[in-house]
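Below is one structure; the comments refer to it alone.
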Amino acid sequence: MIKPDASTQPNLTEAEATTWSVEDSAKLYGVRDWGAGYFDLNDKGEVVVKAPIAGQSERVHVAIPEVIEGMRERGLEMPAILRIENLLDDRIKSLNEAFARAIARTKYQNHYRGVFPIKVNQQAHVIDEIASFGRDYHHGLEAGSKAELIIALAKLEDNDSVIVCNGYKDSEFIELGLNARKLGIKVFFVVETPTEVPVIIERARALKVDPLIGVRIRTSTKVDGHWAGDSGDQSIFGVSSGGLMKVIDTLKDADMLHCLQLLHCHIGSQIPNIRNIRMGVMEACRYYTGLLEAGAPMGYLDLGGGLAVDYEGTRTNSTHSMNYQLDEYCVNVVETVIDSLRSSGAAHPVLITESGRATVSYASVLLFNILDVRDHRPSPLPDNLQDTLSFKADSDAPDALKNLWWVAQNLSLDNFQESYNDAIYYRDALREDFLRGQVGLPIRALADNIALEVFDKVAAICAKVERVPEELKHLPELLSDTYYGNFSLFQSLPDMWAIDQILPVMPVHRLTEAPTRNAVIADITCDCDGKIDHFSINGSIQKTLPMHEFDHESDYHLGVFLVGAYQETLGDLHNLFGDTNVVSISVKADGTFEFAKEMHGDSISDVLSYVEYDPKALAEQFRRRAEKAVKNGTISAIERREIMSAFYESLDGYTYYEQD
Ligand SMILES: *Cc1c(COP(=O)(O)O)cnc(C)c1O
C-alpha cells in the first residue's frame, strides 16, 4: 500500500489514509448507489460486473481488469467500449416483469408492451440483442425515421410486438409501414402534425390497407430536470388540442376514424421527479377518454420515455438522479391510468412505454487509460536556496523573492490565512517584474514554485481546522492535478460536453489503496472543453475526482459507467478521433465470459474518408514529395521506402494514443 502524503489529499486525514479499505473506495465512488446492483468491488480492489444469469439467482462476478487484459491479448487497445449483454437482457427483463407485477397487483385489465427507441442506441449489436432477448416479452421498437423503421422491420420477427413510428413521415416512410401492415406487423404511425393525416389516408387507399394510427399530444405537464424548458406548451413535438380536433375530423371524413387506436405522449427524458410522471399520465388519460368520446376505437396508450437513471446515485429529484425506483414507477403509471379512466368506464388499454436510457445505460462502460499527469505540486527546491536568499547579506535576489521565501518558512497554524495572502502578494509582484523584464525566467519559476508550496501547506492546514475561511474553500480545486486520459469526450461522452451530464467515473483497479490525488480529467483532444470536472463523490457533486498516484511504469485504467444511452450515437469526430473499439461480453453460468462480439474502432483512413479525403490520394501526394527528396539527394531511395511504410502504417492505425 502506498503511504499517502496527507498534505495532498485535503479530504483525507492521515489515520483514514493508512487504514483505507475497499469499503472506503466503494463508499467514496458510490459504486453501490449508482450501480443498481450490477457493479461492485472485489477484495483485490477491482471493479466487478455482477452479471445476472438467466435461470439462476446467483450472479457471476467478472473483474473489469480481467476483461481489459483479454482485450489487450486480442489486439483491442484502449479506449474501448465494453458492453455486457447480460445487463442489457436484465434491464429488458426487469422492466417487463416490473410492469407485469404492477398489473397483477392492481388488477389492471390489459397487458404491457415495451418498445425501445432506436435513437437511444442504434448500434447493430445492441438492437440485435434487444430484438432477440426481448422476443419473450414481445418487446418492440420505436422508430423516428425511415432508416430506423427499416432496422425495426428487419430485426423484429414477432408480430405480437409493436413498432411505433414517431417523427415526420413522408409518403415513402408511410409506404414502408403500410407494406409491413400487409405482413401483419403492428406498425403504428404516430401523427406529429395534422398535415401528415391526408398523406396517410391517400397512401392507405392506394395500397388498400388499413393503417394503425396514433396521435402524439402536446401535454401541458411541466417536468423538472434538464428538459424542463422544453416540456409543456413549449414542447416542439405533438399536436395541440385544436390540432387533435382537426385530426379527428379529417379521419372521420375519410371514413378512417376506426384506424385511430393509439394515444402517444412523451413528457420528457430523464424525469427525476415521480410526481411529474403521475401528472403526465393523468393528462394523457384525459385525452385518451376524449378520443374515445369522439368515436375512435383506441386500445393503446403509449406513455413515451422518461424513466430516469440515477447517474449520481443520490436518489433525489436532482437532474441526474431520480426520487423513485422501477417498481414504484410501474405501479404509479398503472394506478394512475386505472384511477383516471375509472369515471369514464373506459376499457383498460394496452400500456406502452418507450424507455430508452433506463434500458441501455447500464450495459456500456467506457474504458480508457491515463497517459500522463500534470501534477500541481511544487518541485523540490534547490538545497542551497536558504543560503542564496535569506542569509547572505550580498544576495542579489529581489526583495519580493526573499519575502516570499520568508513567508514559506514561517507558515503556521496561527498565521496560515495571512501567509496565503502574503504569498499571493509577493508572487504577483514578481510576476509583474517578469512582465517588465526586471527578472528572468528562473526567478519567475522559483516564485511560482515557492507560492505553490505555501498554498499546499495552507490546504493541508485547512483540512484539519474546524472552520475554513471562505476565501480558502476553493483551494483544493485550485490545487488539483490534471490526469490526461486516452479518449475523446466529444466522441465518447458527448452529453458531458453538451448538457453537463454527470456520469459515474472511477478507477477500475487499485481500490485497496487510498486515492491521494485530486484531479480533473482531460481528454486527448486539444480542446479546453474536453475535460471531465464534475463528479458525484460521496453523494455530492465535486469538481475533482480522487485518484491514485500515477507512474509511467504501470497502467492506470478508468471507467466511465452508464454510458449505453445516447453517448454512443451522438459522438462526433472532433480532432478526427473516431469510433473506439467495442467488445460485447456474455457472462456464463460457470463464471467464464466470452467475447461475443468485437469491433475494431475507426482507423485513421476511415476518419479521413468521413471528411472526404481519399487516403490513397493523400499517400500518392506524400509519395511525390518523398520522391522529390530522393531526386534532390536529401534522402536515399531506401529511406524513402521506410518513410512511406511508416506513412501507410499510420493510415491503418487507431486514431487514439497507441502504446508501443
Ligand atoms: C427520446 C425519446 C424516448 C426515450 O426517452 P428516455 O428518457 O431515454 O427513456 C422515448 N420516446 C420518444 C418519442 C423519444 O423522443
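The values are calculated or read from the model by the stated rules, or taken from the named source; none is laboratory data. What you see is a predicted model, and the numbers here were worked out from it, not measured in a lab. Every residue, glycine among them, receives a Cβ derived from its backbone with ideal geometry; neighbour counts consider all protein chains shown.
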Complete set of residues in region 486-500 that are modelled with pLDDT of 95 or more and not in a helix (DSSP H, G or I): N486, F487, S488, L493
Taking region 407-435 only, how many residues are more than 14 Å from A460 (Cα to Cα) and free of Cβ contacts under 8 Å to residues at least 40 places away in the same chain? 18
Before we move on, is L257 more than 23 Å from V115 (Cβ to Cβ) and either within 16 Å of the ligand (Cβ to nearest atom) or of a type in the set (A, V, I, L, M, F, W, C) (or both)? yes
Enumerate the pairs (first residue in region 580-592 and in contact (Cβ under 8 Å) with a residue 12 or more places away in the chain; second residue anywhere and polar (S, T, N, Q)) with beta-carbon separation below 8 Å, excluding pairs fewer than 6 apart on the same chain, so at least 6 apart or on different chains. T580/Q491; T580/S492; V582/Q123; S586/N86; V587/N86; A589/Q56
Tally time: how many residues in region 187-229 are over 13 Å from A254 (Cα atoms), of a type outside the set (A, V, I, L, M, F, W, C) and without any contact (Cβ under 8 Å) to a residue 40 or more places away in the chain? 5
If A514 meets every condition in (1) within 27 Å of V49 (Cβ to Cβ); (2) in contact with a strand residue (DSSP E or B) (Cβ under 7 Å, 6 or more places away or on another chain) apart from one, which number is that one? (2)
Checking C165 against (1) buried (at least 22 other Cβ atoms within 10 Å of the Cβ); (2) more than 12 Å from the ligand (Cβ to nearest atom), which single condition isn't satisfied? (2)
In region 272-286, is there at least one residue being basic (K, R) and over 19 Å from S220 (Cα atoms)? no
Can you say whether G144 is out of contact with any His (no Cβ under 9 Å at 6 or more places or on another chain), assigned by TED's automatic domain parsing to the domain that holds P211 and crowded, with 22+ Cβ neighbours inside 10 Å, as far as the supplied structure shows? no
Out of D255, D249, which single residue is of a type outside the set (F, W, Y), out of contact with any helix residue (DSSP H, G or I) (no Cβ under 7 Å at 6 or more places or on another chain) and assigned to a helix (DSSP H, G or I)? D249
From the residues in region 282-337 that are polar (S, T, N, Q) and more than 28 Å from S540 (Cβ to Cβ), which one is farthest from the chain's Cα centre (by Cα)? T289
Given (1) more than 16 Å from the ligand (Cβ to nearest atom); (2) surrounded by fewer than 19 Cβ atoms within 10 Å (Cβ to Cβ); (3) modelled with pLDDT under 95, index of the condition L389 fails: (2)
Residues within region 534-583 that are part of a helix (DSSP H, G or I) and within 16 Å of the ligand (Cβ to nearest atom), tallied: 4
Taking L618 as meeting all but one of (1) among the aliphatic types (A, V, I, L, M); (2) modelled with pLDDT under 95; (3) more than 23 Å from the chain's Cα centre (by Cα), write down the number of the exception. (2)
For I271: the one exception among (1) of a type in the set (V, I, T); (2) closer than 18 Å to V190 by Cβ; (3) outside any helix (DSSP H, G or I); (4) within 16 Å of the ligand (Cβ to nearest atom): (2)
Under 7 Å between Cβ atoms, at least 6 apart or on separate chains: pull out the pairs that start in region 156-180 with a residue that is over 18 Å from L260 (Cβ atoms) and end on any residue that is polar (S, T, N, Q) and surrounded by fewer than 24 Cβ atoms within 10 Å (Cβ to Cβ). G167/S145
Out of A98, A147, A152, A131, I need the residue that is among the aliphatic types (A, V, I, L, M), within 16 Å of the ligand (Cβ to nearest atom), closer than 24 Å to K50 by Cα and under 29 Å from the mean Cα position of the chain (by Cα). Which one? A98
On the basis of being closer than 15 Å to H509 by Cα and either crowded, with 19+ Cβ neighbours inside 10 Å or among the polar types (S, T, N, Q) (or both), does N42 make the cut? yes
Residue among A565, A619 that alone is surrounded by 11 or more Cβ atoms within 10 Å (Cβ to Cβ), touching a Ser or Thr at 6+ places or on another chain (Cβ under 7 Å) and among the aliphatic types (A, V, I, L, M): A565
From the option list V337, V360, V309, V333, single residue qualifying as over 18 Å from L562 (Cα atoms), surrounded by 21 or more Cβ atoms within 10 Å (Cβ to Cβ) and either within 16 Å of the ligand (Cβ to nearest atom) or of a type in the set (F, W, Y) (or both) is V333
Kindly establish whether V607 is in a helix (DSSP H, G or I), more than 26 Å from T359 (Cβ to Cβ) and in contact with a Gly (Cβ under 6 Å, 6 or more places away or on another chain). yes
